[in-house]
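Following: one structure in structure tokens, then a few remarks.
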Amino acid sequence: MISGIVLAAGLSTRMGEPKALLDWGGEPLLSYQVHQLKEAGCDEVIVVVGHRSDEIQRAIRRLPCRIMLNSRFQMGRAWSLRLGARAVSRDAEAIVVLNVDQPRPAALIRRLLDEHRQEFAATRPEHDGHGGHPVIISGWLRDEMLVATDEDEGLRGILRRHADRIHSIAAGAESLVDINTPEDYREAAAQSNVF
């Protein structure tokens, strides 16, 4: 069982509009993310929403995913990670964690999943010495995800605690794309040729 979690609860303050609803090749960015995770081999996809959740849920109501509402979205990203971890199957061997503002093609996700092994705490792409996304977390770390806090740096803290068991795979610059501002959005869309 392979599970995917898309974290999409944030305020999108610097963007000025919900990143989940940005047009990405003719569909909302969140729809793109769900489709790519499914195409890559995820058996289930959990989407965690928060800010403007009604609008986002309407946009994705027909997608093959489960939606979790983070009513504490203003308290930090760790709450979303915890909710997502609670929703994934207890039988999950691997959990793909991806933020909505990090569009990744199915081919990259599939490659990471193919390279992941249970003895690894995590598998992640790396480009020019920088860790990228998505991160594949071994299912045996689900319990740590369930108690992650922002004070302990959430997912980053979990990865730091298991740094000696992280498998990194060389990847292209697309593994570092992070859309926070309108300028980031324009650059990412141009690089990905989605329009």
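The values are calculated or read from the model by the stated rules, or taken from the named source; none is laboratory data. Please read all numbers here as calculations on a predicted model, not as lab measurements. For neighbour counting, all protein chains shown are included, and Cβ atoms are generated from backbone atoms with ideal geometry for every residue, glycine included.
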Legend entry - Filtered residue count, segment 100-119, keeping only those that are in a helix (DSSP H, G or I) and of a type outside the set (Lys, Arg): 8
Inset, instruction - Please work out if ILE67 is more than 27 Å from ARG165 (Cβ to Cβ) and in a strand (DSSP E or B). - result: yes
Legend entry - Residue that is in contact with a Lys or Arg (Cβ under 9 Å, 6 or more places away or on another chain), part of a helix (DSSP H, G or I), surrounded by fewer than 23 Cβ atoms within 10 Å (Cβ to Cβ) and in contact (Cβ under 8 Å) with a residue 24 or more places away in the chain, where the choices are GLU39, GLU55: GLU39
Legend entry - segment 120-163, residues that are assigned to a strand (DSSP E or B), under 17 Å from GLU93 (Cβ atoms) and in contact with a helix residue (DSSP H, G or I) (Cβ under 8 Å, 6 or more places away or on another chain): ALA122, THR123, ARG124, VAL135, ILE136, ILE137
Legend entry - Within segment 136-170, considering residues that are aliphatic (A, V, I, L, M) and surrounded by fewer than 19 Cβ atoms within 10 Å (Cβ to Cβ), the one nearest to ARG82 (Cα to Cα): LEU146
Inset, instruction - Run down LEU108, LEU63, LEU11 and say which single residue is in contact with a His (Cβ under 6 Å, 6 or more places away or on another chain), surrounded by fewer than 21 Cβ atoms within 10 Å (Cβ to Cβ) and touching a residue at least 12 places away in the same chain (Cβ under 8 Å). - result: LEU11
Inset, instruction - Quick one: in segment 150-195, of everything that is at pLDDT 90 or above and among the hydroxyl-bearing types (Ser, Thr, Tyr), which residue is farthest from GLU17 (Cα to Cα)? - result: SER168
Legend entry - In segment 74-97, residue nearest to the chain's Cα centre (by Cα) [restricted to those that are under 18 Å from LEU30 (Cβ atoms) and surrounded by fewer than 22 Cβ atoms within 10 Å (Cβ to Cβ)]: ARG77
